[in-house]
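Enquirer: Take this structure, written in structure tokens, and hold onto it; I'll ask about it next.
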Amino acid sequence: MKIKVMTDLLEANDRIAADNREIFDRNGNLVINLMSSPGAGKTTLLERTAEALAGKVRLGVIAGDVETSRDAERMEKYNLPVVQLTTGTACHLDANMVASALPDLDLSQIDILLIENVGNLICPAEFRVGEDHKVVILSVTEGDDKPLKYPLMFKESSLLILNKIDLLPFTNFNMDEAKGNAHRMNPDLDILELTATTGQGIEGWLSWLKERWQRRLESLRRA
């Protein structure tokens, strides 16, 4: 019974995610579902991204959290369209939650929509929201074995960002081991290293993001 309930839940979610996707297609949005454990650096990465792409790419943000609007408040100073979703007890954003945020965003004025999911390495990977890509952030303070412990997150993602690399000398995090473990779960996974707080390595992330945006535009033109 539990398996059937979960299957029904995911199927219902996927139908709404497909509806979201149609809306994003009509508006030409690239949609990124940004996932990580709490404190890995999602919001800081969004801040650096907003600073770097100001006046170049039109960004929008949906910020998800169990409680508070602190993440959305941090993004407001960048004059971006931002919607905060608070989930209460839910450990992830689902397609219906994201759909509820869309009327508050003028998607025709957004090139890239960044969805900051709830901090969790399990549930967010299971629920599609209509995104083009899932991106997982793993900070070097968390341990290089996380891809083995939470395989679905890494299997479902297009990109792994290894964050807080400036702290490497103060940890026992093995970069080669982390990358190897991640590629065991997903051989096609792109991997970048950076430090969001200082901006070290941020160029790789920006290039990856803009390249996917251009690919998205080209695919929509051919459709």
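Enquirer: Out of (1) surrounded by 20 or more Cβ atoms within 10 Å (Cβ to Cβ); (2) at pLDDT below 95; (3) of a type in the set (G, A, S), the odd one out for G60 is which?
Expert: Here G60 meets the rest and fails (2).
Enquirer: Also: Can E67 be described as more than 18 Å from L209 (Cα to Cα), surrounded by fewer than 18 Cβ atoms within 10 Å (Cβ to Cβ) and in contact with a strand residue (DSSP E or B) (Cβ under 7 Å, 6 or more places away or on another chain)? Steps first, please.
Expert: Details: more than 18 Å from L209 (Cα to Cα): yes; surrounded by fewer than 18 Cβ atoms within 10 Å (Cβ to Cβ): yes; in contact with a strand residue (DSSP E or B) (Cβ under 7 Å, 6 or more places away or on another chain): yes.
Against the criterion (more than 18 Å from L209 (Cα to Cα), surrounded by fewer than 18 Cβ atoms within 10 Å (Cβ to Cβ) and in contact with a strand residue (DSSP E or B) (Cβ under 7 Å, 6 or more places away or on another chain)), E67 qualifies.
Enquirer: So, one more: Regarding W213, is this residue touching a Ser or Thr at 6+ places or on another chain (Cβ under 8 Å) and either basic (K, R) or assigned to a helix (DSSP H, G or I) (or both)?
Expert: no
Enquirer: Which of the helices (runs of 4 or more DSSP H) found entirely inside the range 56-175 contain at least 3 residues meeting this: under 22 Å from R15 (Cβ atoms) and touching a residue at least 24 places away in the same chain (Cβ under 8 Å)? Lay out the reasoning, then the answer.
Expert: Numbers: elements: 70-76, 95-101, 146-149, 151-156.
Qualifying helices (runs of 4 or more DSSP H): 95-101.
Enquirer: Within the range 176-203, which residues are free of Cβ contacts under 8 Å to residues at least 60 places away in the same chain, surrounded by 15 or more Cβ atoms within 10 Å (Cβ to Cβ) and in a helix (DSSP H, G or I)?
Expert: Answer for the range 176-203, where residues must be free of Cβ contacts under 8 Å to residues at least 60 places away in the same chain, surrounded by 15 or more Cβ atoms within 10 Å (Cβ to Cβ) and in a helix (DSSP H, G or I): A178, K179, N181, A182, H183, M185.
Enquirer: Which residues, taken from the range 205-222, are within 20 Å of R48 (Cα to Cα) and surrounded by 15 or more Cβ atoms within 10 Å (Cβ to Cβ)?
Expert: W205, L206, W208, L209, K210, R212, W213
Enquirer: Just give me the residues in the range 16-42 being in contact with a strand residue (DSSP E or B) (Cβ under 9 Å, 6 or more places away or on another chain), under 22 Å from Y150 (Cβ atoms) and at pLDDT 95 or above, in sequence order.
Expert: Selection gives I32, N33, L34, M35, S36, S37, A40, G41, K42.
The values are calculated or read from the model by the stated rules, or taken from the named source; none is laboratory data. Computed from a predicted model, the values in this text were never measured in an experiment. When we count neighbours, we look across all protein chains shown, and the Cβ atoms used for this are built from the backbone with ideal geometry, even at glycine.
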